[in-house]
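Structure, as structure tokens:
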Amino acid sequence: MSAESIKVLKPGRTERSRWMQLPRDVVIGHDALAHVPAVCSDLRLGRSALVVTGTHTRDLAGKRIAGDLAESFKVSTFVAETISLDVIREAEKAAQDADFLIGVGGGRVIDTAKIVSYNLDRQFISVPTAASHDGIASARASVPMEQGSSSLAAHPPIGIVADTGIIAMAPHRLTAAGCADIISNYTACLDWELANRLKGELVSDYAIALSRMTAELLMKNARNIKPHAEDSAWIVIKALVSSGVAMSIAGSSRPGSGGEHKFGHALERLAPGKALHGEACGIGTIISMYLHGGNWKEIRDALRFIGAPTTPCDLGIPDDVAVEALMMAKDIRPERFTIIDMGITRESAEHLIRMLYED
Ligand SMILES: [Zn+2]
């Protein structure tokens with residue numbers, strides 16, 4: 001059985017203590033943007049805000065948020081056109097006089113705000129404009145490095161404001177990728193349990209239960225996920241927040257990131273710009289579920305219903321690149337033990353990729 005200590009003790013009291021840092025205000029709904037000033041006041045974060053947006057999300061939501069906040073706060077803005085170490089440094093300069101940050105946009109913008117707030121020890125509020133991955137509510141941020149992207153530790157947002165009207169307008173490809181990121185919780189949890197049985201790695205039963213339940217709820221609703229429907233945006237964004245909370249309870253990304261993510265990261269590295277994070281991990285989930293002996297066809301069919309890719313071909317990636325990614329996956333975050341680390345040969349990798357095309 002897993003040994004678990006979820007008592008929050010003062011740092012340094014004992015190594016067995018575990019910190020859970022959770023978002024405090026979460027507002028999800030139609031025209032939720034109108035609540036941003038109230039959330040900032042409620043959290044008592046200070047008087048000056050830096051609103052970080054992308055070029056598109058500035059017009060979509062950033063300007064309105066900055067305008068609404070200007071009535072009671074000192075507001076400055078920063079446009080992060082992309083995410084890189086240079087942009088993070090520039091954003092840090094822009095944030096020098098800000099008491100807190102608001103990240104308004106997709107994954108890259110939220111991650112930039114998250115890292116800057118962590119580096120400068122300021123709070124940040126996450127305002128996702130798409131439901132594309134669970135980083136909108138989690139403590140981890142992904143940053144591009146020379147050798148592909150790297151996952152960095154940061155703080156989870158203190159507040160999340162998710163406007164379902166705006167999220168529903170985002171390209172369906174982003175929402176489908178978010179769904180795939182949630183479905184990957186299944187195999188991430190199986191991998192964590194495997195690491196517990198094989199390596200004695202500590203697991204959090206609460207984090208696993210929440211993560212699994214979130215994936216189950218999404219699978220149940222797979223047929224109701226429709227492009228540009230606000231009801232669908234509700235389902236997906238709630239699940240993404242819930243996945244982020246599961247990771248906060250775990251104190252690591254374990255309940256949301258296993259072997260399927262290692263494969264996904266490898267694929268993103270070998271075929272840069274082809275797959276969205278969730279898309280790559282979704283394909284990894286089918287493979288990983290097959291290896292775990294679970295119902296991999298059910299996973300694949302749900303992804304198909306939702307409109308997420310299920311083969312390298314769907315992503316315009318040659319099969320031999322996907323084979324390479326599967327072989328390389330064990331070298332991504334090697335300390336994270338998963339079923340992908342149990343000895344995939346070229347022959348087995350070729351078989352696994354061929355299997356994705358089965359009916
Ligand atoms: Zn993910």
Handout entry: Semi-axes of the equivalent ellipsoid for region 134-241, Cα gyration tensor, largest first, Å
Key = 26, 19, 13
Exercise for the section: Could you give the DSSP H helices of the chain that reach 18 angstrom or more along their long axis (alpha carbon positions) and whose average Kyte-Doolittle hydropathy is no lower than 0.5? Expected result: 230-250, 277-291
Completion exercise
Length gained if Lys297 through Leu198 is fully extended, taking 0.36 nm per residue and subtracting the Cα-Cα distance, is 33.0 nm
Practice task
Would you compute, from DSSP H runs of 4+ residues alone, the mean residue ellipticity of the chain at 222 nm, taking -39500 (n - 2.57) per run and dividing by the full residue count, rounded to the nearest 500?
Solution key: -14500 deg cm²/dmol
Practice task
Sort region 181-338 into rounded, prolate or oblate with this rule: let a ≥ b ≥ c be the square roots of the eigenvalues of the Cα gyration tensor; rounded if a/c is under 1.5, and if a/c is not under 1.5, prolate when a/b is larger than b/c, oblate otherwise.
Solution key: oblate
Practice task
Give the accessible surface of the chain per residue, rounded to a whole number of Å², with probe radius 1.4 Å and ligands, DNA and RNA excluded.
Solution key: 43 Å²
Exercise for the section: Just check region 38-108 against the gyration tensor rule for me: Cα atoms, a ≥ b ≥ c as the square roots of the eigenvalues, rounded for a/c under 1.5, and otherwise prolate or oblate depending on whether a/b exceeds b/c. Expected result: oblate
Handout entry: Kirkwood-Stokes translational diffusion coefficient of the chain, alpha-carbon pairs, 20 °C, 1.002 mPa s, µm²/s
Key = 105 µm²/s
Exercise for the section: Give me the percent of the accessible area of region 220-262 that comes from carbon and sulfur atoms, probe 1.4 Å, all protein chains in place. Expected result: 53 percent
Handout entry: Long-range amide H partners of Val75 with built H, under 5 Å
Key = Ala49
Problem - Segment Asp42-Ala70, extension gain: residue separation times 0.36 nm, minus the distance between their alpha carbons - result: 8.5 nm
Fill in the blank from the handout: Once the in-chain neighbours fewer than 8 apart are removed, the lysines whose Cα is under 30 Å from Lys330 read Lys114, Lys199, Lys262, Lys274, Lys297
Handout entry: Contact order normalised by residue count of the chain, Cα under 8 Å, 6+ apart, percent
Key = 16 percent
Completion exercise
The simple spin-label model distance between Arg269 and Tyr118, using points 7 Å out along Cα→Cβ, in nm, is 1.9 nm
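The values are calculated or read from the model by the stated rules, or taken from the named source; none is laboratory data. No experiment lies behind these values; they were computed from the predicted model shown. Cβ sites come from the backbone with ideal geometry, for glycine too, and all protein chains shown count toward neighbours. The area values use the complete protein model at the heavy-atom level, side chains included, leaving out ligands, DNA and RNA. Shrake-Rupley method; radii C 1.70, N 1.55, O 1.52, S 1.80 Å.
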